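Input: a single structure, listed below in structure tokens.
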Amino acid sequence: MKIIAGLGNPGAEYAKTRHNVGFMFVDALADALGLSASDWKDKFDAKVADARIGTEKVVLVKPQTYMNESGRAIGLLMNWYKLEPEDLIVAHDDMDIPAGTIRIRKKGSAGGHNGIKSVLAHVGDEHFARVRIGIGRPLPGWTVVNHVLAAFPEEDQLKIREAIDYLIPAVECIVTHDVDMAMNQFNPKKKKKAKKAQTAEASEGAAGAEGKAREEHHEQAE
């Protein structure tokens, strides 16, 4: 059994803000799993809905405690279901990556995110999967609060929708397999031009050495 929690703030005034992209993801996942509005129930200061991904039972969670106290609701639910930190998947916004970019991590610090700080405090362990959805940095002159509590500009809305759609099978992979497989398959691949150049040089060097070895009638192991 897994808990899949999206972080955000309750209330219509926050529904379309950057800080609520975790809620947006959980709602999209619920739609993909065929859930309806009637499937959501109130439990431990959270909206919860039961579903299945493959043969695994999952509980979708949207804490109603406001972002900075997200961990209180999640911690209560973890205790109720007697789950371990590894059974928790948290989707949340991240200012450190561009809007619409995703990152999956299996553990780590809060990185300055108050919702994750709260989850860490109440779960008591960093070993839970994080599904990070980039919202980009504040505009010049904007505070962090202004940024996260503003709606996505039109140019970012499609990027966010595509990121959420992309992450649905990624989270299903975490549930049916594990977070390592999801990270390998879905995290953006880093371009390592310098490493490729070094590899090419090493290959050329190896080829030259091999040719010389043949000329000298010696077999060498690299």
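The values are calculated or read from the model by the stated rules, or taken from the named source; none is laboratory data. It should be emphasised that the depicted structure is a prediction, and the values quoted were computed from it without experimental measurement. Here the Cβ positions follow ideal geometry from the backbone for every residue, glycine too, while neighbour counts run over all protein chains shown.
Overview of values
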read-out	value
Search result, residues across the stretch 1-27 that are crowded, with 17+ Cβ neighbours inside 10 Å and in a helix (DSSP H, G or I)	14, 18, 19, 20, 21, 22, 23, 24, 25, 26, 27
Residues being crowded, with 17+ Cβ neighbours inside 10 Å and either of a type in the set (A, V, I, L, M) or at positive phi (or both) - total across the stretch 46-75	13
Condition check for residue 118: in a helix (DSSP H, G or I), more than 11 Å from the chain's Cα centre (by Cα) and in the same structural domain as residue 59 (by TED's automatic domain parsing)	yes
Pair list, Cβ under 7 Å, 6 or more apart: the stretch 40-60 residue touching a residue at least 40 places away in the same chain (Cβ under 8 Å), other residue polar (S, T, N, Q) and not in a loop (DSSP other than H, G, I, E, B)	53/176; 54/176; 56/176
Residue satisfying condition, being among the β-branched types (Val, Ile, Thr), without any contact (Cβ under 8 Å) to a residue 60 or more places away in the chain, within 27 Å of residue 190 (Cα to Cα) and in the same structural domain as residue 155 (by TED's automatic domain parsing), within set 133, 97	97
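Condition check ((1) within 30 Å of residue 154 (Cα to Cα); (2) not polar (S, T, N, Q)) across all residues:
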| position | (1), (2) |
| --- | --- |
| 45 | no, yes |
| 49 | no, yes |
| 65 | yes, no |
| 78 | no, yes |
| 87 | no, yes |
| 98 | yes, yes |
| 112 | yes, yes |
| 125 | no, yes |
